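Q: The structure follows.
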Amino acid sequence: MAIIEVLKKISDTVWEIPISYKEGMRVPARIYGTEKLIREMDDAVYDQITNVATLPGITKYALCMPDGHFGYGFPIGGVAAMDVESGGVISPGGIGFDINCGMRLMVTNLTYKEVKPYIKEVVDKLYQKVPAGVGSKGFVKLSRNDFREVVEQGARWCVRNGYGWEEDLSFIEENGCIEGADAAKISEKAIDRGFNQIGTLGSGNHYLEIQVAKQENIFDPELARSMGITMPDQVVVMFHCGSRGFGHQVATDYLQSFLKVMESKYGIKILDRELACAPFNSPEGQAYFAAMKCGINMSFANRQVILHRIREVFSDVFGRTAEDLGMQMVYDVAHNTAKLERHLIDGKERSLLVHRKGATRAFAPGMADVPEQYKAIGQPIIIGGSMETGSYLLVGVPTGAQTFFSTAHGSGRTMSRTKARKTWRGEKLQKDMEAKGIYVRSTSWQGLAEEAGGAYKDVDEVIEAAELAGISKRVVRLTPIGNIKG
Amino acid sequence: MQVRTPLTVITGPLGSGKTTLLRHILDTVSKKIAILMNEFGEIAIDSKIIAGKNVQMADLGGGCVCCSLLGEFEAAVDEIIDTVDPDIIVVETTGVAEPDALVFDIQESLTKVRLDGVVTVIDADAMVKYPSVGHTSRIQIEAADTIILNKIDLVSESELKAIEEKLHSLNQVASILATKRCQVDPDLLFGIGRERVEAPPYHVHQPEFESFSYTTNAICDRTCFEEFADSLRTEVYRAKGFVKFSDATYLFNFVAGRWELELFEQEGTQLVFIGKQLSELKDQIINNLKLCEQ
């Protein structure tokens with residue numbers, strides 16, 4: 001149980017830990033959540049977010065989203081904006097090992113009634129076409145040099161090579177390719193681990209889901225329509241995955257590089273070595289930034305190939321083209337990145353490196369980088385709940401400035417993977433879910449048990465807290481009917 | 001009866017000395033060892049790599065192999081046992097991995113191996129530099145049966161004491177072995193294998209540790225032996241070997257107060273005790289053991 005007494009209540013959904021809490025804190029820490037969510041948070045979150053508050057260059061607050069839980073270095077759900085013009089650092093622990101782990105959502109013009117008779121066929125075929133599991137390899141055969149191109153060009157490479165449509169790119173954060181990715185900054189070992197993994201889901205909490213937008217779960221029909229959700233019981237496809245072994249290796253390589261220079265060369269003292277960092281404007285910091293961007297692009301490419309496979313499978317099962325099935329992208333958004341952005345701080349625009357680890361960018365209407373189609377309504381935000389409980393489509397709001405326009409990314413674990421494995425049995429869970437109308441395929445029973453709905457926070461509570469705090473707005477809640485768990 | 005292959009997990013934060021420990025183990029343990037890693041580290045150099053379905057293997061000579069994980073862990077372990085049949089499997093996790101799920105998997109689902117122990121390598125110098133023990137490091141420490149507190153030459157004696165206390169507060173049952181460059185007696189890390197009766201391998205003994213062995217053909221009373229195991233004092237860090245009861249012979253494995261017995265095809269009782277200042281307790285331990293003989 002969390003020690004809620006340490007916290008200063010700012011509002012019903014914002015709680016502050018003052019800088020007096022720990023020596024070395026440069027800014028206060030702020031945790032978002034209802035009192036219930038805050039009470040359920042692990043004590044380690046307090047410790048971790050206040051450690052983050054000691055990092056050089058941190059601006060305004062060290063933030064933790066309502067789905068926060070402990071992670072490597074930063075808590076998952078951590079947001080930290082570093083002023084790069086005054087010694088701000090970049091930290092792999094603030095981005096996560098699965099660089100650009102993110103969500104993608106695509107609509108169809110099919111209804112639940114039309115898909116229901118084919119759900120097993122669709123899921124079984126997707127299970128074959130989108131490899132899942134720890135060491136899974138993709139069907140895209142790439143040489144190591146091809147892979148270097150992929151990590152510099154992201155989803156653009158895919159579209160050029162026949163995986164998807166040109167218009168898909170405008171519905172991806174950074175248009176599917178972040179500039180400044182430099183393959184010269186990644187190790188051979190990272191390439192080894194990544195070059196055959198394009199088009200794969202991976203393991204852990206990654207999944208691909210067929211979902212339904214039920215009439216009663218549409219909170220804002222106007223906004224929903226703008227995002228392509230136009231009819232009752234419309235079927236959509238959502239998936240969650242990242243940069244696989246590649247991103248993991250990039251993060252590991254640079255953690256080791258930073259540990260060597262952090263104190264000896266730059267005199268940075270940190271409380272927890274898992275927060276290893278380097279000044280953003282140092283050769284090491286810039287090298288990681290360029291390598292991390294390769295991870296971002298690899299992940300965009302991975303999701304682009306998966307999207308293409310989903311279109312192929314639907315087209316095969318329903319005997320119509322993907323265009324005919326209206327399989328348009330809604331959006332692709334990352335929740336493990338650090339990006340250089342301009343934000344207004346106390347009336348002055350500043351260049352900040354915003355770390356979002358298990359936190360989703362949530363840009364407001366009118367902001368640059370929001371696709372033209374969404375300029376008037378704000379950036380779509382895709383939230384993956386647990387596979388049993390449902391997911392959300394949200395939109396960014398102007399009051400999101402308080403969190404550098406960031407919101408939650410999922411429901412957040414309340415139970416360790418091990419404890420979940422001890423509590424549930426995958427075989428039984430699959431049967432229970434099938435009884436509830438969700439057909440699940442998984443590469444591992446234990447992996448399935450880890451993802452049981454009961455191992456997660458209540459996603460509805462998380463999303464409500466984010467809305468009450470004014471960092472995102474609900475559009476649609478989506479209900480799963482078919483799931484492939486990595 | 002199928003004998004389960006002992007499996008030891010080596011974990012610890014980045015740069016704490018896991019690879020150094022593995023090299024040391026390969027240098028000092030004369031058994032067939034299979035090392036399983038997420039990917040080839042620095043161990044597998046200049047060697048022929050054989051690609052399998054679930055693991056890639058590199059021959060290290062002397063029957064030892066280095067394996068890198070390609071598929072699911074369980075399939076990889078099966079493949080290693082089927083192809084090289086090692087005496088010991090050592091799994092090295094990456095420095096950023098949380099080992100608890102892996103440990104749970106090994107105990108729950110792997111039928112061909114027996115978890116011999118979790119060894120966590122901790123960098124003493126880093127424990128001084130970074131006062132807050134990270135989340136992943138904490139899980140690694142909590143999972144340990146043995147903590148190798150490495151790089152002690154970089155810290156003062158009072159710092160070392162404080163680190164030991166901190167580690168103990170996170171894990172009350174693990175034995176803490178202070179080392180430089182991971183120079184540790186491997187007997188303290190591994191259980192006894194089938195070749196125990198053959199010539200003992202060359203060891204660099206920890207100066208403060210002493211060991212003695214006891215052999216008998218007498219049959220032990222099981223209840224009495226279990227009480228004896230419970231009564232072993234904290235000076236005994238490690239005890240292992242075989243003990244013959246009326247029904248069969250069992251493998252006895254004792255680490256820092258915790259112990260287990262497992263059916264084993266072996267004749268007679270043969271036990272080794274390792275611990276601090278053990279010579280003073282030797283007679284007492286042997287006498288207690290003799291009381292159990294029928």
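Q: Quick one: which of A:S86, A:S143, A:S187 is hydroxyl-bearing (S, T, Y), in the same structural domain as A:I268 (by TED's automatic domain parsing), surrounded by fewer than 22 Cβ atoms within 10 Å (Cβ to Cβ) and out of contact with any helix residue (DSSP H, G or I) (no Cβ under 8 Å at 6 or more places or on another chain)?
A: A:S143
Q: Given the structure, is B:K161 surrounded by fewer than 22 Cβ atoms within 10 Å (Cβ to Cβ), within 14 Å of another protein chain (Cβ to nearest Cβ) and not in a loop (DSSP other than H, G, I, E, B)?
A: No, not satisfied.
Q: Here is a check on your reading of the model: is A:G94 within 14 Å of chain B (Cβ to nearest Cβ), surrounded by fewer than 20 Cβ atoms within 10 Å (Cβ to Cβ) and touching a residue at least 12 places away in the same chain (Cβ under 8 Å)?
A: no
Q: Taking the range B:168-192, which residues are more than 28 Å from B:F212 (Cα to Cα) and either buried (at least 21 other Cβ atoms within 10 Å of the Cβ) or in the same structural domain as B:V255 (by TED's automatic domain parsing) (or both)?
A: Hits for the range B:168-192: nothing passes.
Q: Looking at the range A:315-331, is at least one residue touching a Gly at 6+ places or on another chain (Cβ under 7 Å) and either among the acidic types (D, E) or under 18 Å from A:P75 (Cβ atoms) (or both)?
A: No, the range A:315-331 contains no residue that is touching a Gly at 6+ places or on another chain (Cβ under 7 Å) and either among the acidic types (D, E) or under 18 Å from A:P75 (Cβ atoms) (or both).
Q: In addition: So, in the range A:239-293, of the ones that are among the polar types (S, T, N, Q) and in a loop (DSSP other than H, G, I, E, B), which residue ends up nearest to the other protein chains (Cβ to nearest Cβ)?
A: Per the stated criteria, the residue is A:S264.
Q: Further question on the same structure: Could you tell me which residue of the range A:40-54 is modelled with the lowest pLDDT, considering only residues that are at the interface with another protein chain (Cβ under 9 Å from one of its Cβ atoms) and over 20 Å from the mean Cα position of the chain (by Cα)?
A: Among them, the one singled out is A:A44.
Q: With the structure loaded, tell me whether A:L208 is assigned by TED's automatic domain parsing to the domain that holds A:V330, under 21 Å from A:V313 (Cβ atoms) and under 21 Å from the mean Cα position of the chain (by Cα) or whether it fails that test.
A: In short, yes.
So that you can scan it fast, the table gives a plain yes or no per residue for (1) surrounded by fewer than 20 Cβ atoms within 10 Å (Cβ to Cβ); (2) assigned to a loop (DSSP other than H, G, I, E, B); (3) modelled with pLDDT under 95:
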position: A:V134; (1), (2), (3): no, yes, yes
position: A:C158; (1), (2), (3): no, no, no
position: A:E174; (1), (2), (3): no, no, no
position: A:E179; (1), (2), (3): yes, yes, no
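Q: Within the range A:103-132, how many residues are outside any helix (DSSP H, G or I) and among the hydroxyl-bearing types (S, T, Y)?
A: 2
Q: Testing A:I198 on (1) surrounded by fewer than 24 Cβ atoms within 10 Å (Cβ to Cβ); (2) modelled with pLDDT under 95; (3) more than 14 Å from every other protein chain (Cβ to nearest Cβ), one condition comes back false. Which one is that?
A: Looking at each condition in turn, A:I198 falls short on (1).
Q: Let me confirm something: among A:I438, A:I383, A:I484, A:I377, which residue is at pLDDT 95 or above and out of contact with any His (no Cβ under 7 Å at 6 or more places or on another chain)?
A: Just a single option satisfies the conditions, and that option is A:I377.
Q: Can you give me the number of residues within the range A:16-45 that are touching a Cys at 6+ places or on another chain (Cβ under 9 Å) and closer than 20 Å to A:E461 by Cα?
A: 6
Q: Limited to the range A:229-238, what total is found for residues that are buried (at least 23 other Cβ atoms within 10 Å of the Cβ) and either polar (S, T, N, Q) or part of a loop (DSSP other than H, G, I, E, B) (or both)?
A: Qualifying residue count, the range A:229-238: 1.
Q: Farther than 16 Å from A:I99 by Cα and β-branched (V, I, T), is that true of A:V151?
A: It is false that A:V151 is farther than 16 Å from A:I99 by Cα and β-branched (V, I, T).
Q: Could you figure out which of (1) at pLDDT 75 or above; (2) more than 25 Å from A:E274 (Cα to Cα); (3) away from chain A (no Cβ under 12 Å) isn't true of B:C67?
A: Of the numbered conditions (1) at pLDDT 75 or above; (2) more than 25 Å from A:E274 (Cα to Cα); (3) away from chain A (no Cβ under 12 Å), the odd one out for B:C67 is (1).
Q: What's the number of the condition B:R233 fails, among (1) basic (K, R); (2) in a loop (DSSP other than H, G, I, E, B); (3) at pLDDT 85 or above?
A: Of (1) basic (K, R); (2) in a loop (DSSP other than H, G, I, E, B); (3) at pLDDT 85 or above, only one is false for B:R233: (3).
Q: Ok, one more. Cβ-Cβ distance below 9 Å, separation of 6 or more or different chains: which pairs start in the range A:204-230 with a residue that is on the phi > 0 side of the Ramachandran plot and end on one that is in a helix (DSSP H, G or I)?
A: Note: pairs meeting the criteria are A:G204/A:R417; A:G204/A:G447; A:G204/A:E450.
Q: Quick test of your reading of the structure: A:H308 fulfils all but one of (1) away from chain B (no Cβ under 14 Å); (2) closer than 29 Å to A:E23 by Cα; (3) in contact with a Cys (Cβ under 8 Å, 6 or more places away or on another chain). Name the failing condition by number.
A: Among (1) away from chain B (no Cβ under 14 Å); (2) closer than 29 Å to A:E23 by Cα; (3) in contact with a Cys (Cβ under 8 Å, 6 or more places away or on another chain), A:H308 violates only (2).
Q: Determine which single condition B:C224 fails, assuming it passes every other condition in (1) among the hydrophobic types (A, V, I, L, M, F, W, C); (2) more than 26 Å from B:V118 (Cβ to Cβ); (3) in a strand (DSSP E or B).
A: (3)
Q: Go through (1) of a type outside the set (D, E); (2) crowded, with 24+ Cβ neighbours inside 10 Å; (3) in the same structural domain as A:G176 (by TED's automatic domain parsing) for A:G73 and report which single condition fails.
A: Status for A:G73: all satisfied but (3).
Q: Check whether at least one residue in the range B:91-99 is closer than 27 Å to A:G426 by Cα, more than 12 Å from chain A (Cβ to nearest Cβ) and more than 19 Å from the chain's Cα centre (by Cα), and report yes or no.
A: Taking every residue of the range B:91-99 in turn, none turns out to be closer than 27 Å to A:G426 by Cα, more than 12 Å from chain A (Cβ to nearest Cβ) and more than 19 Å from the chain's Cα centre (by Cα).
Q: Across the range A:361-373, what is the total count of residues that are under 20 Å from the mean Cα position of the chain (by Cα) and either in contact (Cβ under 8 Å) with a residue 60 or more places away in the chain or on the phi > 0 side of the Ramachandran plot (or both)?
A: 4
Q: Can you pull out every residue in the range A:70-91 that is within 14 Å of another protein chain (Cβ to nearest Cβ) and at negative phi?
A: A:F70, A:G71, A:Y72, A:F74, A:P75, A:I76, A:G78, A:S91
Q: Of the conditions (1) touching a strand residue (DSSP E or B) at 6+ places or on another chain (Cβ under 6 Å); (2) surrounded by fewer than 24 Cβ atoms within 10 Å (Cβ to Cβ); (3) over 29 Å from A:A190 (Cβ atoms), A:I31 clears all except one; give me its number.
A: Only one criterion is unmet by A:I31, namely (2).
Q: What are the residues in the range B:102-127 that are within 11 Å of chain A (Cβ to nearest Cβ) and over 18 Å from the mean Cα position of the chain (by Cα), if any?
A: B:E108, B:S109, B:D123, B:D125, B:A126, B:M127 - these are the residues of the range B:102-127 that are within 11 Å of chain A (Cβ to nearest Cβ) and over 18 Å from the mean Cα position of the chain (by Cα).
Q: Something else now. Only one of (1) touching a residue at least 24 places away in the same chain (Cβ under 8 Å); (2) more than 7 Å from chain A (Cβ to nearest Cβ) fails for B:G134. Which number is that?
A: With (1) touching a residue at least 24 places away in the same chain (Cβ under 8 Å); (2) more than 7 Å from chain A (Cβ to nearest Cβ) applied to B:G134, the lone miss is (2).
Q: Looking at the range A:408-438, which of the residues that are within 13 Å of A:G453 (Cα to Cα) and polar (S, T, N, Q) is nearest to the chain's Cα centre (by Cα)?
A: Among them, the one singled out is A:S411.
The values are calculated or read from the model by the stated rules, or taken from the named source; none is laboratory data. A quick note: this is a predicted structure, and the numbers were derived from the prediction, not measured. So basically every Cβ, Gly included, is an ideal-geometry build from the backbone, and we count neighbours across all protein chains shown.
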